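The values are calculated or read from the model by the stated rules, or taken from the named source; none is laboratory data. Not measured: the values here are computed from a predicted model. Here Cβ is always computed from backbone atoms with ideal geometry, including for glycine, and neighbour counts include all displayed protein chains. These accessible areas exclude ligands, DNA and RNA; they are computed on the full protein's heavy atoms, side chains included. Shrake-Rupley method; radii C 1.70, N 1.55, O 1.52, S 1.80 Å.
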Amino acid sequence: MKTKQLRVAAGLAIFLVASSGWAVDDELRGLVDESRRVSSQLLGQVRGELVKELERTGPIRAIVVCKYSVPEITSNISRQTGMRVTRVALRPWNRALGDPDPWEQKVLLDFGKRLANGERVEALEFFEKVDEPAGRAFRYMKAIPMTQPCLICHGPVKTLSEGIRAQLADEYPNQKAVEYEVGQVRGGVSVKKGL
(Lines give C-alpha, C1' and ligand atoms only; values in the text may rest on other atoms or scores of the structure.)
Protein backbone atom coordinates (compact mmCIF):
# COMPACT_ATOMS: atom_id res chain seq x y z
CA MET A 1 0.00 0.00 0.00
CA LYS A 2 1.47 3.32 -1.04
CA THR A 3 0.71 5.96 1.54
CA LYS A 4 1.65 9.54 2.00
CA GLN A 5 2.51 10.14 5.60
CA LEU A 6 2.75 13.15 7.84
CA ARG A 7 3.98 13.24 11.39
CA VAL A 8 3.67 16.00 13.93
CA ALA A 9 6.76 16.17 16.15
CA ALA A 10 6.45 17.85 19.54
CA GLY A 11 3.06 19.20 18.50
CA LEU A 12 4.67 22.04 16.54
CA ALA A 13 6.21 21.13 13.18
CA ILE A 14 4.76 19.10 10.33
CA PHE A 15 7.22 16.87 8.53
CA LEU A 16 6.67 15.33 5.12
CA VAL A 17 7.61 11.65 5.21
CA ALA A 18 6.53 10.23 1.87
CA SER A 19 9.03 10.32 -0.96
CA SER A 20 6.42 11.21 -3.58
CA GLY A 21 5.30 14.15 -1.42
CA TRP A 22 2.19 16.27 -1.35
CA ALA A 23 1.41 19.68 0.00
CA VAL A 24 -0.06 20.24 3.42
CA ASP A 25 -3.23 21.78 2.06
CA ASP A 26 -6.17 23.45 3.77
CA GLU A 27 -8.21 20.23 3.64
CA LEU A 28 -5.51 18.29 5.48
CA ARG A 29 -4.99 21.06 8.04
CA GLY A 30 -8.73 21.07 8.63
CA LEU A 31 -8.84 17.30 9.13
CA VAL A 32 -5.90 17.42 11.56
CA ASP A 33 -7.44 20.30 13.51
CA GLU A 34 -10.81 18.57 13.67
CA SER A 35 -9.19 15.30 14.78
CA ARG A 36 -7.27 17.08 17.53
CA ARG A 37 -10.48 18.76 18.69
CA VAL A 38 -12.40 15.46 18.66
CA SER A 39 -9.60 13.67 20.54
CA SER A 40 -9.49 16.40 23.17
CA GLN A 41 -13.27 16.32 23.47
CA LEU A 42 -13.30 12.55 23.98
CA LEU A 43 -10.46 12.54 26.51
CA GLY A 44 -12.00 15.49 28.37
CA GLN A 45 -15.43 13.86 28.61
CA VAL A 46 -13.96 10.53 29.70
CA ARG A 47 -11.75 12.23 32.30
CA GLY A 48 -14.76 14.20 33.56
CA GLU A 49 -16.91 11.09 33.97
CA LEU A 50 -14.13 9.17 35.69
CA VAL A 51 -13.25 12.00 38.09
CA LYS A 52 -16.91 12.49 38.94
CA GLU A 53 -17.34 8.79 39.71
CA LEU A 54 -14.07 8.57 41.65
CA GLU A 55 -15.14 11.49 43.84
CA ARG A 56 -18.71 10.24 44.23
CA THR A 57 -18.26 6.52 44.85
CA GLY A 58 -14.61 5.56 44.46
CA PRO A 59 -12.56 3.56 41.98
CA ILE A 60 -14.67 0.42 41.80
CA ARG A 61 -17.55 2.26 40.09
CA ALA A 62 -15.06 3.99 37.78
CA ILE A 63 -14.49 0.58 36.18
CA VAL A 64 -18.18 0.50 35.26
CA VAL A 65 -17.82 3.99 33.72
CA CYS A 66 -15.00 2.69 31.50
CA LYS A 67 -16.99 -0.36 30.48
CA TYR A 68 -20.37 1.27 29.76
CA SER A 69 -20.16 5.08 29.65
CA VAL A 70 -16.97 5.47 27.62
CA PRO A 71 -18.22 3.44 24.62
CA GLU A 72 -21.42 5.52 24.69
CA ILE A 73 -19.43 8.78 24.77
CA THR A 74 -17.26 7.56 21.89
CA SER A 75 -20.29 6.51 19.86
CA ASN A 76 -22.00 9.87 20.42
CA ILE A 77 -18.91 11.78 19.27
CA SER A 78 -18.65 9.57 16.18
CA ARG A 79 -22.28 10.27 15.29
CA GLN A 80 -21.91 14.01 15.91
CA THR A 81 -18.77 14.37 13.79
CA GLY A 82 -19.33 11.80 11.05
CA MET A 83 -15.90 10.38 11.85
CA ARG A 84 -15.14 6.94 13.30
CA VAL A 85 -13.70 7.74 16.73
CA THR A 86 -12.40 4.92 18.94
CA ARG A 87 -10.03 4.27 21.82
CA VAL A 88 -7.60 1.46 21.13
CA ALA A 89 -4.69 -0.15 22.96
CA LEU A 90 -2.16 -2.92 22.49
CA ARG A 91 -3.45 -4.32 25.80
CA PRO A 92 -7.17 -3.42 25.85
CA TRP A 93 -9.69 -4.26 28.57
CA ASN A 94 -12.35 -5.09 26.01
CA ARG A 95 -10.96 -6.66 22.84
CA ALA A 96 -14.26 -6.19 20.98
CA LEU A 97 -14.06 -2.41 21.41
CA GLY A 98 -10.38 -1.69 21.95
CA ASP A 99 -8.35 -4.02 19.74
CA PRO A 100 -6.36 -1.98 17.20
CA ASP A 101 -6.65 -2.63 13.49
CA PRO A 102 -3.31 -3.10 11.63
CA TRP A 103 -2.87 0.66 11.00
CA GLU A 104 -3.60 1.48 14.65
CA GLN A 105 -1.29 -1.27 15.89
CA LYS A 106 1.57 0.06 13.74
CA VAL A 107 1.05 3.60 15.05
CA LEU A 108 0.85 2.47 18.70
CA LEU A 109 4.09 0.52 18.30
CA ASP A 110 5.69 3.59 16.72
CA PHE A 111 4.49 5.71 19.67
CA GLY A 112 6.40 3.36 21.97
CA LYS A 113 9.57 3.82 19.92
CA ARG A 114 9.16 7.59 19.80
CA LEU A 115 8.63 7.68 23.57
CA ALA A 116 11.78 5.61 24.06
CA ASN A 117 13.64 8.12 21.88
CA GLY A 118 12.66 10.99 24.17
CA GLU A 119 9.44 12.42 22.79
CA ARG A 120 6.90 13.47 25.38
CA VAL A 121 3.92 11.10 25.59
CA GLU A 122 1.51 14.06 25.63
CA ALA A 123 2.82 15.23 22.24
CA LEU A 124 2.59 11.88 20.42
CA GLU A 125 0.26 11.98 17.44
CA PHE A 126 0.32 10.71 13.89
CA PHE A 127 -1.80 11.24 10.80
CA GLU A 128 -1.83 10.28 7.15
CA LYS A 129 -4.01 9.74 4.12
CA VAL A 130 -4.25 6.07 3.18
CA ASP A 131 -5.69 3.94 0.42
CA GLU A 132 -7.78 1.13 1.89
CA PRO A 133 -10.02 -1.50 0.29
CA ALA A 134 -13.07 0.66 1.09
CA GLY A 135 -11.43 3.73 -0.49
CA ARG A 136 -9.24 6.66 0.49
CA ALA A 137 -9.31 7.73 4.13
CA PHE A 138 -7.74 10.15 6.55
CA ARG A 139 -6.34 8.46 9.69
CA TYR A 140 -5.27 10.16 12.91
CA MET A 141 -4.15 8.95 16.30
CA LYS A 142 -3.35 10.77 19.54
CA ALA A 143 -1.58 8.89 22.34
CA ILE A 144 -3.40 8.39 25.64
CA PRO A 145 -0.78 8.90 28.36
CA MET A 146 -0.79 6.86 31.56
CA THR A 147 -1.34 9.27 34.44
CA GLN A 148 -1.30 8.81 38.21
CA PRO A 149 -5.10 8.47 38.72
CA CYS A 150 -5.20 5.74 36.05
CA LEU A 151 -2.83 3.55 38.08
CA ILE A 152 -5.69 2.78 40.49
CA CYS A 153 -6.90 0.27 37.89
CA HIS A 154 -4.06 0.05 35.34
CA GLY A 155 -1.01 -0.06 37.61
CA PRO A 156 1.02 -3.04 38.80
CA VAL A 157 -1.32 -5.84 39.90
CA LYS A 158 0.38 -6.11 43.30
CA THR A 159 -0.58 -2.47 44.02
CA LEU A 160 -4.27 -2.86 43.11
CA SER A 161 -6.71 -3.17 45.98
CA GLU A 162 -8.59 -6.44 46.49
CA GLY A 163 -11.83 -4.67 45.52
CA ILE A 164 -10.36 -3.40 42.25
CA ARG A 165 -8.90 -6.79 41.40
CA ALA A 166 -12.26 -8.48 42.08
CA GLN A 167 -14.20 -5.92 40.02
CA LEU A 168 -11.73 -6.18 37.14
CA ALA A 169 -11.93 -9.98 37.21
CA ASP A 170 -15.73 -9.71 37.07
CA GLU A 171 -15.95 -7.02 34.37
CA TYR A 172 -12.90 -8.05 32.33
CA PRO A 173 -12.05 -11.73 32.94
CA ASN A 174 -9.28 -11.65 30.30
CA GLN A 175 -7.79 -8.38 31.51
CA LYS A 176 -4.47 -7.31 30.06
CA ALA A 177 -4.53 -3.55 30.66
CA VAL A 178 -2.47 -3.58 33.85
CA GLU A 179 1.20 -3.26 34.82
CA TYR A 180 1.51 0.29 33.42
CA GLU A 181 3.64 3.09 34.84
CA VAL A 182 3.06 6.85 34.73
CA GLY A 183 4.33 8.30 31.46
CA GLN A 184 3.78 5.22 29.32
CA VAL A 185 1.43 5.08 26.33
CA ARG A 186 -1.84 3.56 27.59
CA GLY A 187 -3.39 3.53 24.12
CA GLY A 188 -4.63 5.99 21.55
CA VAL A 189 -7.63 7.90 20.33
CA SER A 190 -8.09 6.84 16.73
CA VAL A 191 -9.99 8.96 14.22
CA LYS A 192 -10.89 7.88 10.69
CA LYS A 193 -12.75 9.77 7.96
CA GLY A 194 -13.44 8.66 4.43
CA LEU A 195 -12.26 11.04 1.71
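Out of the total accessible area of the chain (probe 1.4 Å, heavy atoms of protein only), what percent is carbon and sulfur?
Percent of accessible area from carbon and sulfur atoms in the chain: 54.
Label-point separation (nm) for ASN117 and GLN148, each offset 7 Å from Cα along Cα-to-Cβ?
3.1
In Å², what does the accessible area per residue of the chain work out to with a 1.4 Å probe?
On a per-residue basis, 53 Å².
What figure in square angstrom, to the nearest 10, would you give for the accessible area of LEU54 with a 1.4 Å probe?
Accessible surface of LEU54 is approximately 60 Å².
How much of ILE152 can a 1.4 Å solvent probe reach, expressed as accessible area in Å² and rounded to 10?
Approximately 70 Å² of ILE152 is accessible to the 1.4 Å probe.
What does the extension gain come out to for ALA169 and LEU54, with contour length at 0.36 nm per residue minus their alpha carbon separation?
So the chain would gain 39.5 nm between ALA169 and LEU54.
Sum -39500 (n - 2.57) across every DSSP H segment of at least 4 residues in the chain, then divide by the residue count to get the 222 nm mean residue ellipticity, nearest 500.
So the calculated ellipticity at 222 nm is -13000 deg cm²/dmol.
Using 0.36 nm per residue, how much length does the chain from ARG136 to ARG84 gain when fully extended, once their Cα-Cα distance is taken away?
So the chain would gain 17.3 nm between ARG136 and ARG84.
Order 71-83, 28-40 from most to least packed using the mean count of other Cβ atoms within 10 Å.
28-40, 71-83
Please state, rounded to one decimal and in Å, the Kirkwood hydrodynamic radius that the chain gives when every pair of distinct Cα atoms enters the mean of 1/r.
Kirkwood hydrodynamic radius for the chain: 17.6 Å.
In square angstrom, rounded to the nearest 10, how much accessible surface does ARG84 have for a 1.4 Å probe?
ARG84 exposes around 90 Å² with every protein chain in place.
Kindly sort LYS67, LYS113, LYS176 by accessible area of their heavy atoms, largest first, with the probe set to 1.4 Å.
Descending order: LYS113, LYS176, LYS67.
Once R0 is set to 25 Å, what does the formula 1/(1 + (r/R0)^6) return for the Cβ-Cβ distance between VAL64 and ASP101, expressed as a FRET efficiency to the nearest 0.05?
0.40
Of VAL85, VAL182, which has the most accessible area with a 1.4 Å probe, and how do the rest follow in descending order?
VAL182, VAL85
Just subtract the alpha-carbon distance of LEU109 and THR159 from 0.36 nm times their residue separation and send over the number in nm, one decimal.
Extra length available between LEU109 and THR159 comes to 15.4 nm.
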